[in-house]
Amino acid sequence: MKNYIDELYHIKNLSIKENAPLKDYTTMQIGGPADLFLTPKSEKALIKLTKLIKNINKPYFVLGKGSNVIVGDKGYRGIIIYTGSFNKITFKNNNIIAQSGSTLKELANIAQKHSLAGMEFASGIPGSLGGAIYMNAGAYGGEMNDVIKKVSAYDQNGNKKVMQKVELNLSYRDSIFQKKECIIFEALLELQKGNKDKISAKMNKLNRKRKNKQPLEYPSAGSSFKRPANYYTGPLIEKANMKGYQLGGAQVSEKHTGFIINKDNATAKDIVNLIQKIQKEVYEISGVMLKPEYKFLGEF
């Protein structure tokens, strides 16, 4: 173990933290420490890191804004690769070329300033571009599938792969990256020329809607469950009398039952217990088994 840590310290432009508390890097604000928390600050550092990790018998996880991740209370016995430093954004005609650590909010705002339409749906999603591609994130009738043209990613050998949209297998909250071990580095977004004021008005409308309907005043990890075919999760949960239901510090939001919130210093165990309770109650009353939208990481 010591040998590879020594090698990590020899990689230029790589920030290394040991036993970093992951609650500081997730929107649910829960989770224990990661053995190693690595932040590559250049493309060369990322390439060297991927090559090194391949030869280490340690699990790793690529983390963006942590907006869809539940980390176990005991933390993560492995390596976190944090993409937050990859936030360069450039333009080419009606396209945006953005690195994976760029936030969706920033991308939507920059698109609006350049009179480019298509990213309005993402302006209030608190995630990174990489995470959004990984999950094919979406809201209010839009999703990443609508704007992605191609993605650059690094495989385990440190080789750069340029994948066209058709290769990404983007579907409801899914992509090729959930089955393929790659680190998303950059994406080309194809937008349309639009009216700056109209784009701004649409973003403001969606963000007001989000503020009025979603529990933004509490930590959460976004929508708790994937939408089952022919149903909406919120009404199913409400029908099961789970609105406002609380276990430990975790609560089904009274504002939007599709969200689980960290109401009062919740633990990961509280979140998992509440998920299982919701699943049980909803299944008993409707016969529908809800599937969590979250990615679970670490030891629970």
(1) exposed (fewer than 14 other Cβ atoms within 10 Å of the Cβ); (2) over 26 Å from S85 (Cα atoms) all hold for S200 apart from (1)
F177 fails exactly one of (1) surrounded by fewer than 20 Cβ atoms within 10 Å (Cβ to Cβ); (2) under 29 Å from P292 (Cα atoms), namely (1)
Condition set touching a Gly at 6+ places or on another chain (Cβ under 7 Å) and farther than 26 Å from M28 by Cβ, scope the range 118-165, selection surrounded by the most Cβ atoms within 10 Å (Cβ to Cβ): answer is V147
Sole miss for D24 among (1) crowded, with 21+ Cβ neighbours inside 10 Å; (2) part of a helix (DSSP H, G or I) is condition (1)
Quick count over the range 162-203, residues being over 20 Å from T90 (Cβ atoms) and over 19 Å from the mean Cα position of the chain (by Cα), is 9
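Would you confirm whether or not the range 9-16 contains a residue that is charged (D, E, K, R), farther than 30 Å from S224 by Cβ, touching a helix residue (DSSP H, G or I) at 6+ places or on another chain (Cβ under 9 Å) and without any contact (Cβ under 8 Å) to a residue 40 or more places away in the chain?
Yes, the range 9-16 has at least one match.
Being in the same structural domain as Y9 (by TED's automatic domain parsing) and of a type in the set (A, V, I, L, M) narrows it down to one of L52, L104, so name that one.
Numbers: L104 fails: in the same structural domain as Y9 (by TED's automatic domain parsing).
Going through L52, L104 in turn, the sole match is L52.
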When the range 223-274 is checked residue by residue, the ones that are free of Cβ contacts under 8 Å to residues at least 12 places away in the same chain and polar (S, T, N, Q) are N230
Listed by range, helices (runs of 4 or more DSSP H) wholly within the range 182-300 having at least 1 residues that are under 30 Å from A34 (Cα atoms) and outside the structural domain of T39 (by TED's automatic domain parsing) are 268-286
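So is T257 within 21 Å of R173 (Cα to Cα), in contact with an Asp or Glu (Cβ under 6 Å, 6 or more places away or on another chain) and at pLDDT 95 or above or not?
On the way: within 21 Å of R173 (Cα to Cα): yes; in contact with an Asp or Glu (Cβ under 6 Å, 6 or more places away or on another chain): yes; at pLDDT 95 or above: yes.
For T257, the condition - within 21 Å of R173 (Cα to Cα), in contact with an Asp or Glu (Cβ under 6 Å, 6 or more places away or on another chain) and at pLDDT 95 or above - is met.
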S115 vs (1) surrounded by fewer than 18 Cβ atoms within 10 Å (Cβ to Cβ); (2) in contact with a Gly (Cβ under 7 Å, 6 or more places away or on another chain); (3) at pLDDT below 95: all pass except (3)
If we keep only residues of the range 74-106 that are among the aliphatic types (A, V, I, L, M) and surrounded by fewer than 24 Cβ atoms within 10 Å (Cβ to Cβ), then the residue farthest from P21 (Cα to Cα) is I97
Of (1) at pLDDT 95 or above; (2) more than 28 Å from L22 (Cβ to Cβ); (3) of a type in the set (D, E, K, R), K213 satisfies every one except (1)
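The values are calculated or read from the model by the stated rules, or taken from the named source; none is laboratory data. All values reported here derive from a predicted model rather than from experimental measurement. Glycine also receives a Cβ, built like all others from the backbone with ideal geometry; neighbour counts cover every protein chain displayed.
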